[in-house]
Amino acid sequence: MNWLLARGYGVITKEFSTARARKLAKRVHEWRDDPAFVGRQVGWLPIEEEPEDYVRPMRHLLLRLPNDDGKWEYAALLVSLRLEQVVSVCQQMGIELPPSPDCLLLAAVRLYDLRGGGIETSFREDKQGLGITKRGKKRFEAQRMLRLLGSLAHNLVIWARSWLAQTCETLQQYGIVRLVRDLFHVSGFLRFNRHGRLKKVALNQAAPLAKLIAEPLRQLLARSQHCRYFGPNLGCK
């Protein structure tokens, strides 16, 4: 956060801890109903209660929503944008705001509600498809390297999907979980020459997705200088 703030970025983001949000919510003096979300209430953490952990002024915006048992569930947002900045962004995005003292409060919540969800979805796919939460190291350096390898694996899967989808648009709809679990588990054989270079790929025709990947794989590897020949068991003739 301080890295971003020190470089002049404006930030609206969610606090990492639900327990911390619950603790901060106890210090909110006044809650306002959110007209765009039935049952949700929002409120600022008093300025005098704000922690001095950041290199630029930062405000905590607390949200609470009753669950099925009638108990409050809490979330905390961190906001570094000034009123005029938030209003300007809302105007550019066509978001109508009520002319009231709660303008900044509601505008910040609106902008957070419009987040795309792509990051959360990407993390969830990595956890399910690559199993990044099932591996851990005790030493910081080892854990950092493990995280870098996880990022590399993520990128390789996404790149592979892009390469294969050039001749099979259906594959573009596959997420990381389905790519790793289903597509990359198609059985077959690889044949290498005495120099260790791949010379032949043969897929199991009985595999459900063999026909789907056969032609994209054929065209992708046909560009290789070392892999020109594909056996008759490639999956589709």
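Can you name the residue in segment 90-109 that is buried (at least 18 other Cβ atoms within 10 Å of the Cβ) and modelled with pLDDT of 75 or more and, of all such residues, is farthest from I47 (Cα to Cα)?
C90
Could you figure out which of (1) in the same structural domain as A25 (by TED's automatic domain parsing); (2) of a type outside the set (F, W, Y); (3) in contact with a helix residue (DSSP H, G or I) (Cβ under 7 Å, 6 or more places away or on another chain) isn't true of Q92?
If we test Q92 against (1) in the same structural domain as A25 (by TED's automatic domain parsing); (2) of a type outside the set (F, W, Y); (3) in contact with a helix residue (DSSP H, G or I) (Cβ under 7 Å, 6 or more places away or on another chain), just (3) comes out false.
Test of understanding: among I12, I47, which residue is within 23 Å of I119 (Cα to Cα) and either modelled with pLDDT under 85 or of a type outside the set (D, E, K, R) (or both)?
The match here is I12.
Any idea which of V55, V11 is more than 15 Å from R110 (Cβ to Cβ) and under 22 Å from the mean Cα position of the chain (by Cα)?
Numbers: V55 fails: under 22 Å from the mean Cα position of the chain (by Cα).
None of the other options fit; the residue is V11.
Could you tell me which numbered condition G39 fails, if it satisfies all but one of (1) within 18 Å of L111 (Cβ to Cβ); (2) among the small types (G, A, S); (3) assigned to a loop (DSSP other than H, G, I, E, B)?
(1)
Taking the residues in segment 142-181 that are in a helix (DSSP H, G or I) and β-branched (V, I, T) as candidates, determine which candidate is surrounded by the fewest Cβ atoms within 10 Å (Cβ to Cβ).
My answer is T170.
What's the total number of residues in segment 182-225 that are in a strand (DSSP E or B) and touching a His at 6+ places or on another chain (Cβ under 9 Å)?
Total meeting the criteria: 2.
Suppose we filter L106, L111, L164, L81 for residues that are over 17 Å from I12 (Cα atoms) and out of contact with any Phe, Trp or Tyr (no Cβ under 8 Å at 6 or more places or on another chain); which single one remains?
Going through L106, L111, L164, L81 in turn, the sole match is L164.
Within segment 3-42, track down each residue that is surrounded by 11 or more Cβ atoms within 10 Å (Cβ to Cβ), farther than 22 Å from V87 by Cα and of a type in the set (K, R).
Once the filter is applied, which keeps residues that are surrounded by 11 or more Cβ atoms within 10 Å (Cβ to Cβ), farther than 22 Å from V87 by Cα and of a type in the set (K, R), segment 3-42 yields R20, R22, K23, R27.
Among the residues of segment 117-124, is any at pLDDT below 85, farther than 20 Å from L203 by Cβ and outside any helix (DSSP H, G or I)?
Yes: one or more hits.
The values are calculated or read from the model by the stated rules, or taken from the named source; none is laboratory data. Predicted model only: the values in this text are computed from it and were never measured. Counting neighbours? That spans all protein chains shown, and the Cβs are built from the backbone with ideal geometry, glycine included.
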